[in-house]
1. Please find, within the stretch 78-91, the residue that is most open to solvent (accessible area, probe 1.4 Å) out of those that are assigned to a strand (DSSP E or B) and closer than 21 Å to Ser64 by Cβ.
2. Suppose we keep only residues that are open to solvent by 40 Å² or more (accessible area, probe 1.4 Å) and among the aliphatic types (A, V, I, L, M) within the stretch 26-62. Which one would you say is modelled with the highest pLDDT?
3. If only one of Val5, Val65, Val12 is of a type in the set (A, V, I, L, M, F, W, C), modelled with pLDDT of 95 or more and over 19 Å from Val119 (Cα atoms), which one is it?
4. Identify, please: which residue in the stretch 3-25 is touching a Leu at 6+ places or on another chain (Cβ under 9 Å), of a type outside the set (A, V, I, L, M, F, W, C) and closer than 27 Å to Trp103 by Cα and is, among those, surrounded by the fewest Cβ atoms within 10 Å (Cβ to Cβ)?
5. I'd like the full set of residues that are on the phi < 0 side of the Ramachandran plot, touching a residue at least 40 places away in the same chain (Cβ under 8 Å) and either open to solvent by 50 Å² or more (accessible area, probe 1.4 Å) or not in a strand (DSSP E or B) (or both), limited to the stretch 92-121.
6. Say we look at the stretch 44-62 and pick out the residues that are in contact (Cβ under 8 Å) with a residue 24 or more places away in the chain and not in a strand (DSSP E or B); which of these is nearest to Cys97 (Cα to Cα)?
7. Among residues belonging to the stretch 63-77 that are assigned to a loop (DSSP other than H, G, I, E, B) and open to solvent by 50 Å² or more (accessible area, probe 1.4 Å), point out the one that is nearest to Gln3 (Cα to Cα).
Amino acid sequence: QVQLVESGGGLVRPGGSLRLSCAASGISFASHAMGWYRQAPGKQRELVAGLTSGSGGSTNYADSVQGRFTISRDNAKNTVFLQMNSLKPEDTAVYYCNANRVWFGVRSDYWGQGTQVTVSS
């Protein structure tokens with residue numbers, strides 16, 4: 001059974017930092033690309049940051065978080081992180097961890113339950 005369990009969300013003041021973690025089980029973690037998405041009330045879920053599979057990995061970020069957020073992974077611990085700095089009220093959302101892999105042309109996606117991030121003074 002695949003499980004992605006996020007942690008690290010909470011309430012933070014503008015300009016503050018948070019570090020989200022996502023622990024994966026039930027998948028071959030290193031062979032999956034990992035991503036963080038977010039969904040604010042009334043808005044569609046959007047990709048925040050992505051990281052390719054393997055140990056080196058290349059990253060991509062939404063324009064709105066470029067330079068402030070950093071995605072990383074620890075394959076030994078089956079965990080992906082999202083370091084969020086210089087947080088803004090518009091970063092408020094539920095953040096979801098995603099694991100995905102394309103296998104023989106078929107993409108599989110797995111999702112965590114989400115963790116709330118609220119940026120407010």
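The values are calculated or read from the model by the stated rules, or taken from the named source; none is laboratory data. Keep in mind that this is a model prediction, so the values were computed, not measured. Heads up, the Cβs are rebuilt from the backbone with ideal geometry, glycines too, and the neighbour counts pull from every protein chain shown. With ligands, DNA and RNA removed, areas are computed over all heavy atoms of the protein, side chains included. Shrake-Rupley method; radii C 1.70, N 1.55, O 1.52, S 1.80 Å.
1. The qualifying residue most open to solvent (accessible area, probe 1.4 Å) is Gln83.
2. Per the criteria, the residue is Leu47.
3. Unique residue meeting the criteria: Val5.
4. Step by step, filter the stretch 3-25, then rank; the result is Ser25.
5. Of everything in the stretch 92-121, those that are on the phi < 0 side of the Ramachandran plot, touching a residue at least 40 places away in the same chain (Cβ under 8 Å) and either open to solvent by 50 Å² or more (accessible area, probe 1.4 Å) or not in a strand (DSSP E or B) (or both) turn out to be Thr92, Arg101, Tyr110, Trp111, Gly112, Gln113, Gln116, Ser120, Ser121.
6. Step by step, filter the stretch 44-62, then rank; the result is Arg45.
7. For the stretch 63-77, the residue satisfying everything is Lys77.
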